[in-house]
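What follows is a single structure, written as structure tokens, with notes after it.
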Protein chains: 2
Amino acid sequence: MSSGPPDLSRLSLNQISTNNCTLEQAAEACSRQGICWLGAWRHKIQGSPAKAGQLIRDAGLRVSSLCRGGMFPAASAGERRQRIEDNFRAIDQAAALGTDLLVLVNGPAPDRDLDGARIMVKEGIAAIQSYARRCKVRLGIEPLHPMFAGDRSVIVTLEQANDLAEAFDPECVGVIVDVYHVWWDPHVYEEIRRCGKRILGFHVSDWLVPSPGMLMGRGLMGQGVIEIHRLRRAVEAAGFDGPIEVEVFNEQLWQTPVDDAIRQIKDAYLQFV
Amino acid sequence: MSSGPPDLSRLSLNQISTNNCTLEQAAEACSRQGICWLGAWRHKIQGSPAKAGQLIRDAGLRVSSLCRGGMFPAASAGERRQRIEDNFRAIDQAAALGTDLLVLVNGPAPDRDLDGARIMVKEGIAAIQSYARRCKVRLGIEPLHPMFAGDRSVIVTLEQANDLAEAFDPECVGVIVDVYHVWWDPHVYEEIRRCGKRILGFHVSDWLVPSPGMLMGRGLMGQGVIEIHRLRRAVEAAGFDGPIEVEVFNEQLWQTPVDDAIRQIKDAYLQFV
């Protein structure tokens with residue numbers, strides 16, 4: 001377990017951190033700046049995922065993950081079936097894009113029923129697991145911060161994500177640890193240890209104080225109050241050695257010219273992750 | 001355990017729900033509307049707390065709690081002593097105001113150190129417990145929503161509040177259950193059962209979707225996604241039968257003439273709590 005800076009070759013630019021760029025602009029800027037990985041979003045892939053994957057590979061990059069599947073809870077059986085079908089498409093897209101990891105965001109609850117929605121999440125993953133395995137795409141359950149329980153995710157702690165993941169094949173279903181979502185949790189370090197090899201992704205950003213808002217409250221690493229370095233050492237001690245996605249929703253960063261933005265991301269990564 | 005509406009005689013108007021009113025205006029409006037309790041904030045008591053208490057009693061009301069003490073974590077020993085002295089003053093104010101309950105909000109952490117700050121909270125409560133007991137003021141540890149971990153409270157779950165409370169005299173230290181802060185928690189019902197008689201206060205509001213923001217994201221009961229009625233039944237099953245504070249930070253409610261606002265609060269209370 002090293003406590004020095006992480007290897008630059010593990011840095012992955014999550015597309016959302018350069019939200020105003022096209023996929024091509026982001027990939028080319030990564031290439032110029034020596035970044036080896038890119039984390040993709042479904043709504044930000046223009047055209048076919050196979051072509052997007054080719055574009056990314058042509059720039060010398062690999063895709064660390066595709067965001068997002070999940071969203072299983074819905075009020076009617078018909079809607080839930082549609083959500084599951086959408087997840088089949090997301091798995092196809094991940095495979096075509098050339099990544100073996102689909103990030104699952106799981107919520108919100110219809111009709112105020114958190115317990116019921118949490119069961120729907122488990123049923124949803126059960127319904128897509130074998131298809132994902134056939135496509136060689138792993139499913140990463142990402143707990144979101146509890147402030148998203150109302151509109152995005154009924155899975156709000158790493159403990160819940162671990163409980164869910166343990167119900168499935170460890171080769172296929174794991175968890176994503178995003179410091180912005182889990183840093184506040186009194187059980188975060190014991191749950192990271194519990195994850196072990198199930199950690200499929202590690203996302204970094206920082207929590208700004210005062211916070212500019214729920215969605216847009218993230219800053220670059222070092223600008224906020226999260227013990228990022230400690231969390232990185234913890235996921236590594238648990239066995240994670242994959243790409244580290246920098247995922248920053250921040251208006252100021254989005255306004256920054258892309259090469260400058262990526263330089264700032266690299267500096268923050270080397271200094272604070 | 002009743003599942004009907006709660007008794008109107010248990011409704012307490014938390015002062016913040018009518019934030020644009022003076023204490024006198026709020027108390028008189030409560031009196032006109034048949035409300036029996038008022039929850040007070042230190043920064044909203046004009047002049048001496050003894051006079052404020054008299055004013056409230058003259059309006060025919062009782063004070064359900066005073067908000068807030070706590071805020072123990074600080075970077076230096078000198079600052080931590082100052083915080084403890086401020087809590088002595090808060091206990092004096094609660095006693096003078098005529099309430100036996102001081103609400104404790106506990107945070108944030110200096111220097112990113114959540115673990116250290118959580119220890120400071122325990123030390124802080126230990127330092128004020130016997131003074132509070134002598135003044136016949138109970139201390140209610142209120143876990144805040146994890147989205148306040150960065151700027152207000154390192155105590156973010158009911159489990160933490162219970163762990164803390166159990167380290168102290170049950171006659172003196174308990175917990176506050178605020179639905180807005182705890183509703184997302186997968187362990188909320190088991191932790192409410194665990195609280196038992198330690199529940200010293202129950203606060204209601206609702207979580208709006210989409211949320212207008214962290215602090216101002218609350219709505220009247222029924223306007224959001226929280227299972228308020230289920231939570232009320234749970235705290236009552238645990239043994240709580242005290243006043244229920246309606247604590248709504250909501251710009252629109254604050255702009256509403258006070259008698260209308262209190263009528264809306266009463267209706268929402270009877271229908272959704």
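Each other copy places its own label point for A:GLN271 at 5.3 nm from this one, sorted shortest first, where the point lies 7 Å along the Cα-to-beta carbon line. The Rg/Rh ratio for chain B is 0.94, where Rg is the radius of gyration of the alpha carbons and Rh is the Kirkwood radius.
Remark: the range B:46-60, residue by residue, has Karplus-estimated 3J(HN,Hα) of 7, x, 6, x, 5, 5, 4, x, 5, 4, 5, 5, 4, 7, x Hz, where x stands for each Gly or Pro and the curve is 6.51 cos²θ - 1.76 cosθ + 1.60 at θ = phi - 60°. Taking 7 Å steps out from each Cα toward its Cβ at A:GLU24 and A:HIS43 produces label points 2.3 nm apart.
Per-residue mean of foreign Cβ neighbours for B:204-212 is 3 (Cβ atoms of other chains, 10 Å radius). Roughly how many whole Å is it from the C-alpha centroid of the range B:99-151 to that of the range B:1-67? The range B:99-151 and the range B:1-67 have Cα centres spaced 24 Å from each other.
In terms of its C-alpha gyration tensor, the range B:74-188 comes out oblate, because a/c is 1.5 or above while a/b does not outweigh b/c. Normalising the average separation of contacting C-alpha pairs (under 8 angstrom, six or more residues apart) by the number of residues puts the relative contact order of the range B:1-149 at 20 percent. Calculated FRET efficiency, A:GLN129 to A:ARG193, Cβ-Cβ distance, R0 = 30 Å: about 0.75 to the nearest 0.05.
All other residues whose Cβ lies under 13 angstrom from that of A:VAL258 are scored, Lys and Arg at +1 and Asp and Glu at -1, for a net of -1.
Counting only the backbone N, which residues of the range A:205-235 are under 15 Å from the spot 7 Å out from the Cα of B:ALA167 toward its beta-carbon? Inside the label zone: nothing.
Using the average count of surrounding beta-carbon atoms within 10 Å as a protection proxy, the listed peptides B:130-138, B:203-211, B:26-34 rank, highest first, as B:203-211, B:26-34, B:130-138. Annotation for A:GLY78, label-to-label distances across the other copies: 7.0 nm (shortest first, one decimal, point 7 Å from Cα along Cα→Cβ). Placing a label point 7 Å from Cα along the Cα-to-Cβ direction at A:GLU123 gives distances to the equivalent points in the other copies of 5.1 nm, listed shortest first. Our coupling estimate for the range A:6-18, obtained by passing each phi through the Karplus curve with A = 6.51, B = -1.76, C = 1.60 and θ = phi - 60°, is x, 5, 4, 5, 9, 5, 10, 7, 6, 3, 5, 5, 10 Hz, Gly and Pro reported as x. Peptide B:180-188 shows a mean partner chain C-beta count of 4 within 10 Å per residue C-beta.
Placing unit charges on the Cβ atoms only, positive for Lys and Arg and negative for Asp and Glu, gives the protein assembly as shown a dipole magnitude near 180 debye about its Cα centre.
Near B:ARG218, the amide H atoms lying under 5 Å from its own belong to B:PHE249; only residues 5 or more places off or on other chains count, and H is placed 1.01 Å from N.
Taking K and R as +1 and D and E as -1, what net charge do the other residues with C-beta under 13 Å from the C-beta of A:TRP183 add up to?
Numbers: positive: A:ARG218, A:ARG230, A:ARG232, B:ARG112; negative: A:ASP178, A:ASP185, A:GLU191, A:ASP206, A:GLU227, B:ASP113, B:ASP115.
My count for the surroundings of A:TRP183 gives -3.
Backbone amide hydrogens, once placed in the peptide plane, bring B:GLY242 within less than 5 Å of nothing, excluding anything fewer than 5 places away on its chain.
A 24 angstrom limit on the alpha carbon distance is what I want to check against. Which of A:LYS51/A:LYS136; A:LYS122/A:LYS197; B:LYS51/B:LYS136; A:LYS44/A:LYS122 exceed it?
Numbers: A:LYS51/A:LYS136 19 Å; A:LYS122/A:LYS197 20 Å; B:LYS51/B:LYS136 19 Å; A:LYS44/A:LYS122 27 Å.
Among A:LYS51/A:LYS136; A:LYS122/A:LYS197; B:LYS51/B:LYS136; A:LYS44/A:LYS122, the Cα-Cα distance tops 24 Å for A:LYS44/A:LYS122.
For A:ILE141, the amide hydrogen comes within under 5 Å of the amide hydrogens of A:LEU104, A:GLY174, A:VAL175, A:ILE176, counting only partners 5 or more places away or on other chains and with H modelled in the peptide plane. Backbone geometry of the range A:64-76 corresponds, through the Karplus equation with coefficients 6.51, -1.76 and 1.60 at θ = phi - 60°, to 3J(HN,Hα) couplings of 7, 6, 10, 10, 8, x, x, 6, 6, x, 7, 6, 10 Hz, x marking Gly and Pro. With the simple spin-label model, which puts each label point 7 Å out from Cα in the Cβ direction, the A:VAL209 to B:ASP259 separation comes to 4.5 nm. Partner shielding of A:59-67 amounts to 0, given as the average count of beta-carbon atoms from other chains within 10 Å of each residue beta-carbon. Is the range A:54-122 rounded, prolate or oblate when judged by the Cα gyration tensor, a ≥ b ≥ c being the square roots of its eigenvalues, rounded requiring a/c under 1.5 and prolate requiring a/b larger than b/c? It is prolate, given that a/c is not under 1.5 and a/b is the larger ratio.
Classified by the C-alpha gyration tensor, the range B:166-221 has a prolate form. Its axis ratio a/c, with a ≥ b ≥ c, is 1.5 or above, and a/b is larger than b/c.
Coordinate-derived values only; no laboratory data. Just so we're clear, the structure is a prediction, and the values are computed from it rather than from any experiment. Note: ideal-geometry Cβ built from the backbone for every residue, glycine included; neighbour counts use all protein chains shown.
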